[in-house]
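Below is one structure, written out as structure tokens; comments come after it.
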Amino acid sequence: MFGLLDALKLAAGMLAGLALYHLYAVSIGYPSAAREARAGYVLVAEKTAADARAAEMERQRDAAARAGEEHRKRLQAARAAEQTARDALENEIRSYELELSQKNRACAVTAADRQWLLRH
């Protein structure tokens, strides 16, 4: 039924089809390679997103630590300033009492007055 010429035509057709598929696959890309590339891209994208989340969490942790340290320093400075002001007030009260005692006058400042002065 099939002659030699028919077999050659069939083989030529198959070769032409394979050549066209190969040109398509080379120009457009192999479908299996594209799937593998997309699968790899998803893994890379997930890893990149996880790294970005970890970096952001670390940045926030460091910022919170710096803010806490800055708050501690400000609190310490405020306490030192308050103590300095309290000491200055104590010295002022002592000097006033000394001045009154040198003039032989009584100091009418009671402990309650002194506490009020310390608070205000």
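Screening the candidates A37, A54 for the property of being assigned to a helix (DSSP H, G or I), modelled with pLDDT of 85 or more and open to solvent by less than 100 Å² (accessible area, probe 1.4 Å) yields one hit, A54. In the range 90-102, the condition of being at pLDDT below 85, of a type in the set (G, A, S) and open to solvent by less than 100 Å² (accessible area, probe 1.4 Å) is met by at least one residue.
The values are calculated or read from the model by the stated rules, or taken from the named source; none is laboratory data. Bear in mind the structure is a predicted one, so any value in this text is a computation, not a measurement. Accessible surface areas use protein heavy atoms only, side chains included; no ligands, DNA or RNA. Shrake-Rupley method; radii C 1.70, N 1.55, O 1.52, S 1.80 Å.
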